[in-house]
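Since every read-out is calculated from the coordinates, none of them should be taken as a lab result. On a predicted model such as this, the values are computed, not experimentally measured, just so you know. When we count neighbours, we look across all protein chains shown, and the Cβ atoms used for this are built from the backbone with ideal geometry, even at glycine.
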Ligand SMILES: *Cc1c(COP(=O)(O)O)cnc(C)c1O
């Protein structure tokens, strides 16, 4: 197999880099993302529907459209290849005839970030890096740490003060050097500031889930789009609904849908709806106000139960806005109570336990259907990005503590009678 990568171009200044330059960031330090280009004629030969269907695995079935050049460098935990669940009960509840959940909770570290980090860490191995560093609210770091463990790399994880216990436990156990960073008075993101400081000083390989600091990992999440079209038997849904934190997963999905069409796997593209929490919605605000995607105003005082969406500076917001615009889609913000309601509904109707950040997209669909933006007869795929086990305390607070009795039928019947 041969990657069809050709070169990289900075999304801000347009500087072009060859693949042998081993860059992760633009030398002009302008926080631009080095967008990756491929030779689609080469990719087209290798990635026909039939050939893809004949391959095993998840993310790496699309090797030719990923930026790793030597397949011996692949570091995998069997990520991707997640189910697309037909959700009739939830669809009925929301007033939709054809609703699917792309269940990304099934990834090795229980969030879609594994798709990004398998590529990021494989590229670190290709670059012969020995130390990698993350800046994260938790999921990206937990994933990076797991792949680093597999590859034998040292992993530093700078996380926010409020990172959830589930994510911190994963980090500690997979051996990351975990450091919580205090919030700053300024609009700057403290964990990103720390990441930049150590990368400049020690030359470590940056691998947060933000394109401007590592363009390779960004490519991983586009495989969600490839899988969706294959799972729909090479059809495209009317809508794909995706949560937005930094904007990377949405931007990458769009790349995937665009490339699936270039490869001739499908014709047409879905409308993309991007969902943020209303306590941290810089991308939605920028989209609605028509702000320049390259200078999105940061969000002051982010506050939301959706920890994975708490990115005051959306590093890939430009890619997200472009995707929503080009697709004829929308951006919408949902409240914490709408997110928690959606989390409960998804679990009760379909048995899928999502973390609040992962259920925000469901809350978004509910709102968009009510507003008449998504029509009842349109087909909708919702991406549920992370597992509820990542952040159990938010859920535990919503329910009373289970009752405690002795193992006697009388006690049980008294309790059960009171319940009915
Ligand atoms: C990171 C994350 C997101 C947001 O992804 P971005 O690429 O930052 O937009 C959504 N849901 C979960 C569970 C996440 O971990």
- Looking at the chain, what % of its DSSP beta bridges pair antiparallel, to the nearest 5? 30 percent
- Message: Students often get this wrong: which residues of region 212-252 have the backbone nitrogen under 20 Å from the point 7 angstrom along Cα-to-C-beta of residue 21?
- Response: 212-219
- Task: Return the distance in nm (one decimal) between the two label points of a simple spin-label model at residue 278 and residue 397, each offset 7 Å from Cα along Cα→Cβ.
- Result: 1.8 nm
- Message: I need the calculated FRET efficiency for the pair residue 12 and residue 45, taking r as the beta carbon distance and R₀ as 35 Å, to the nearest 0.05.
- Response: 0.60
- Report relative contact order for the chain in percent, whole number only (criteria: Cα-Cα under 8 Å, sequence separation at least 6). 16 percent
- Degrees between helix 409-419 axis and first principal axis of the chain (Cα, 0 to 90, nearest 10): 80 degrees
- Query: Which order results if 4, 136, 143 are arranged by neighbouring Cβ count within 10 Å, fewest first?
  - Reply: 4, 136, 143
- Task: Rank the residues 324, 398, 117, 265 as a footprinting-exposure proxy: fewest other Cβ atoms within 10 Å of their Cβ go first.
- Result: 398, 265, 324, 117
- Name the residue, out of 182, 408, 325, whose mean-square fluctuation peaks in a Gaussian network model built on the chain with Cα pairs under 10 Å. 408
- On Cα atoms only, tilt of 336-350 relative to the major axis of the chain in degrees: 80 degrees
- Query: Under a point spin-label approximation (7 Å from Cα along Cα-to-Cβ), what is the residue 29-residue 1 distance to one decimal in nm?
  - Reply: 3.8 nm
- Note on the structure: Everything considered on the Cα gyration tensor (a ≥ b ≥ c; rounded for a/c under 1.5, else prolate if a/b is larger than b/c, else oblate), region 1-129 must be described as prolate
- Query: With the Cα gyration tensor of region 181-252 giving a ≥ b ≥ c as the square roots of its eigenvalues, does the rule (a/c under 1.5 for rounded; else a/b larger than b/c for prolate; else oblate) give rounded, prolate or oblate?
  - Reply: oblate
- Global form of region 132-183, assessed from the alpha-carbon gyration tensor, a/c cut-off 1.5: prolate
- Message: Nearest 5 percent is fine: what portion of the DSSP beta bridges confined to region 189-346 is antiparallel?
- Response: 10 percent
- Query: In degrees between 0 and 90, to the nearest 10, how far off the longest principal axis of the chain does helix 139-151 point, with axes built from Cα atoms?
  - Reply: 60 degrees
- Using Cα pairs closer than 8 Å and at least 6 residues apart in sequence, work out the relative contact order for region 300-356, in percent. 31 percent
- Note on the structure: So the FRET efficiency between residue 93 and residue 186, C-beta based with R0 = 41 Å and rounded to 0.05, is 0.40
